[in-house]
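Novice: Please read through the structure below; I'll follow up with questions.
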Amino acid sequence: MFSQNQKYRTTLLIVEVAAILLGILFLAPFYLVLTNSVKTLKEILIDAASFPQIFHWDNYRNVWSAIDFPQALWNSFQITGLSVVLIVLFSSMAAYQIVRKPTRFNMLVFLLLISAMIIPFQSIMLQLVRVTSLLELRGELYGIVACYLGFGMPLSVFLFHGFIKTVPVELEEAAKVDGSNPFGVYFRIVFPLLMPIAITVVILNTLWIWNDYLLPVLVIGGNKDLTTLPLAVTKFFGQYTKKWDLALAGLVMATTPIIIFFLSLQKYILEGVTAGSVKG
């Protein structure tokens with residue numbers, strides 16, 4: 001009995017040590033970014049892992065003016081907010097139509113949307129540039145939002161599709177008996193019940209769009225009025241010089257809003273996905 005207790009304690013100790021080491025491993029990048037964001041470039045090049053002797057907060061002030069941080073922040077908020085709102089609205093309505101009216105055409109649309117999830121973005125980059133140029137979408141706000149709507153729909157429809165199956169049809173039938181039209185039934189009865197999965201869709205798409213670099217490069221191009229934070233931070237990386245001190249300070253400033261957003265809503269991700277995975 002004693003040996004079994006000792007074996008259990010040893011196993012528990014090993015698990016705790018492994019968890020601590022794993023935590024240190026995952027926190028190491030945050031330490032490097034935060035500490036080096038308040039160092040001079042010379043200090044970073046000499047020893048990037050050391051703790052700063054003097055905190056150079058001027059790095060943040062220089063970044064603020066160098067990349068026009070308020071404008072870049074507003075552009076990121078604007079593009080992310082519009083894209084996420086449209087993705088949630090259109091994908092939830094599409095999933096509702098597919099679930100409640102499973103015709104051959106609707107099932108074909110659903111199949112095409114799911115199939116689009118396995119297509120690598122890199123394989124359609126050139127075609128995307130040509131199409132956006134042809135339709136005069138490049139360098140325009142509505143152009144980048146339309147692209148995010150198209151690329152965000154497949155996964156969002158898939159998540160809503162699973163969750164809508166859990167919504168009782170009887171509630172909709174009762175609303176129809178009371179005289180509600182289809183839009184009234186959806187927005188007054190169905191959509192409020194989709195809040196758990198809607199929050200999940202909002203979080204996943206917000207994280208992706210806010211941090212995205214490749215699609216804005218292709219669609220926004222050289223339009224400085226729409227420069228997002230990921231594009232603005234790359235200003236500190238030239239062909240021959242790399243301003244790591246300013247780049248890391250800019251990275252901290254760019255990621256802080258989205259980290260706060262994620263930490264405040266992360267509990268809803270698992271709740272929304274698991275709620276939509278079982279029909280009940």
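Please treat every number below as a calculation from the coordinates, not as lab data. Please read all numbers here as calculations on a predicted model, not as lab measurements. Note that we place each Cβ from the backbone using ideal geometry, even for glycine, and neighbour counts take in every protein chain shown.
Novice: What per residue convex hull volume, in Å³, comes out for the chain when only alpha-carbon positions are used?
Specialist: In the chain, the Cα hull volume divided by residue count equals 217 Å³.
Novice: Across every pair of different alpha-carbon atoms, what Kirkwood hydrodynamic radius in Å does segment 1-103 reach?
Specialist: Roughly 19.6 Å, rounded to one decimal.
Novice: Then there is this: Report the far tail of the P(r) of segment 1-51, meaning the percent of Cα-Cα pairs longer than 16 Å.
Specialist: 59 percent
Novice: Now for a different question. For segment 30-86, compute Rh as the Kirkwood radius over C-alpha pairs and then the Stokes-Einstein diffusion coefficient at 20 °C and 1.002 mPa s; write the answer in µm²/s, rounded to an integer.
Specialist: The Stokes-Einstein estimate is 161 µm²/s.
Novice: Taking only C-alpha pairs under 8 Å that are 6+ residues apart, what is the relative contact order of the chain in percent?
Specialist: The value is 30 percent.
Novice: Would you work out the charge dipole size for segment 69-277 about its Cα centre, treating the Cβ of every Lys and Arg as +1 and the Cβ of every Asp and Glu as -1, and quote it to the nearest 20 debye?
Specialist: I would put it at about 340 debye.
Novice: Using a 10 Å Cβ count of at most 16 others and DSSP loop calls, identify the longest part of the chain lacking such chymotrypsin sites (Phe, Trp or Tyr not before Pro).
Specialist: Longest gap between qualifying sites, sites excluded: 58-212.
Novice: Okay, next question. Would you be so kind as to identify which of Gln97, Val129, Gly81 lies farthest towards the positive end of the dipole of segment 1-130, taking Lys and Arg as +1 and Asp and Glu as -1 on Cβ and the Cα centre as origin?
Specialist: Gln97
Novice: Provide the gained length on full extension for the span Ala19 to Val177, in nm with one decimal, where the gain is 0.36 nm per separating residue minus the Cα-Cα distance.
Specialist: Answer, rounded to one decimal: 51.2 nm.
Novice: I would also like to ask the following. What is the extension gain from Met195 to Thr40, computed as 0.36 nm multiplied by their sequence separation minus the C-alpha to C-alpha distance, in nm to one decimal?
Specialist: 51.2 nm
Novice: Which one, Leu229, Phe187, His161, is farthest towards the positive end of the dipole of the chain when Lys and Arg carry +1 and Asp and Glu -1 on their Cβ?
Specialist: His161
Novice: Note down the Stokes-Einstein diffusion coefficient of segment 104-233 in µm²/s, whole number, using a Kirkwood radius over alpha carbon pairs, 4 °C, and 1.567 mPa s.
Specialist: Using the Kirkwood radius from Cα pairs, D works out to 75 µm²/s.
Novice: Oh, and also: What do you get for Rg/Rh of segment 126-195 when both radii come from the Cα atoms and Rh is the Kirkwood radius?
Specialist: My calculation puts Rg/Rh at 1.21.
Novice: Nearest 20 debye, what's the magnitude of the dipole of segment 2-58 about its Cα centre given +1 on Lys and Arg Cβ and -1 on Asp and Glu Cβ?
Specialist: Roughly 280 debye, rounded to the nearest 20.
Novice: Report, in order of residue number, the helices in the chain meeting two criteria: a C-alpha extent of 30 Å or more along the helix axis, and a mean Kyte-Doolittle hydropathy of at least -0.5; treat each whole DSSP H run as one helix.
Specialist: Qualifying helices: 2-36, 69-100, 141-164, 244-265.
Novice: Specify the inter-centroid distance of segment 30-87 and segment 208-249, based on alpha-carbon positions, in whole Å.
Specialist: The two parts, judged by their Cα centres, are 12 Å apart.
Novice: Can you list the aspartates and glutamates whose alpha carbon sits under 19 Å from that of Lys224, skipping same-chain ones fewer than 8 residues off?
Specialist: Counting by Cα, and skipping residues close in sequence, Lys224 has these aspartates and glutamates nearby: Asp68, Glu136, Glu140, Asp212.
Novice: Ok, one more. Please compute the length gained on full extension between Leu112 and Val85, using 0.36 nm multiplied by the number of residues separating them and subtracting their Cα-Cα distance.
Specialist: 7.5 nm
Novice: Please list the radius of gyration and Dmax for segment 24-181, considering alpha-carbon atoms only, with Å as the unit.
Specialist: 23.8, 74
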